[in-house]
Amino acid sequence: MLTTRATDAAGEIHDRSPLLLPDSMVDDWLDPTLTDLGKVRDLAASVPPPVPNPYPVSRAVNNVRNNNPHLLLPVSV
């Protein structure tokens with residue numbers, strides 16, 4: 001997983017954000033001939049920022065022993 005500086009609403013939660021590659025960029029990203037570091041950086045910089053919709057979830061997500069779909073449900077704060 002690649003991360004980048006968070007510049008969206010998630011930046012209020014954490015300073016890093018996943019680099020979410022749009023379908024239209026997959027072929028360029030997976031091109032085995034793309035080896036020039038400058039071009040890789042340019043491609044990564046051209047990825048549009050994510051548009052997340054952050055919401056509060058249970059503190060149970062902080063424990064690796066918890067792995068249930070209910071962890072995705074929003075909670076009231």
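Numbers for the structure displayed
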item	result
Members of region 26-77 found to be among the β-branched types (Val, Ile, Thr) and within 16 Å of residue 3 (Cβ to Cβ), listed by number	40, 47
Those residues of region 27-71 which are at pLDDT 95 or above and within 16 Å of the chain's Cα centre (by Cα), in sequence order	none
Hits in region 33-77 - residues which are in a helix (DSSP H, G or I), surrounded by 10 or more Cβ atoms within 10 Å (Cβ to Cβ) and aliphatic (A, V, I, L, M)	40, 43, 44, 60, 61, 71, 72
Pairs where the first residue, in region 19-32, is surrounded by 10 or more Cβ atoms within 10 Å (Cβ to Cβ) and the second is at pLDDT below 95 and part of a helix (DSSP H, G or I), C-beta under 8 Å, 6+ apart	19/44; 21/29; 25/43; 28/43; 29/43
Odd one out for residue 49, checked against (1) of a type outside the set (Asp, Glu); (2) in contact with an Asp or Glu (Cβ under 6 Å, 6 or more places away or on another chain); (3) free of Cβ contacts under 8 Å to residues at least 40 places away in the same chain	(3)
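The values are calculated or read from the model by the stated rules, or taken from the named source; none is laboratory data. The model shown is predicted, which means the values in this text are computed figures rather than measured ones. Counting neighbours? That spans all protein chains shown, and the Cβs are built from the backbone with ideal geometry, glycine included.
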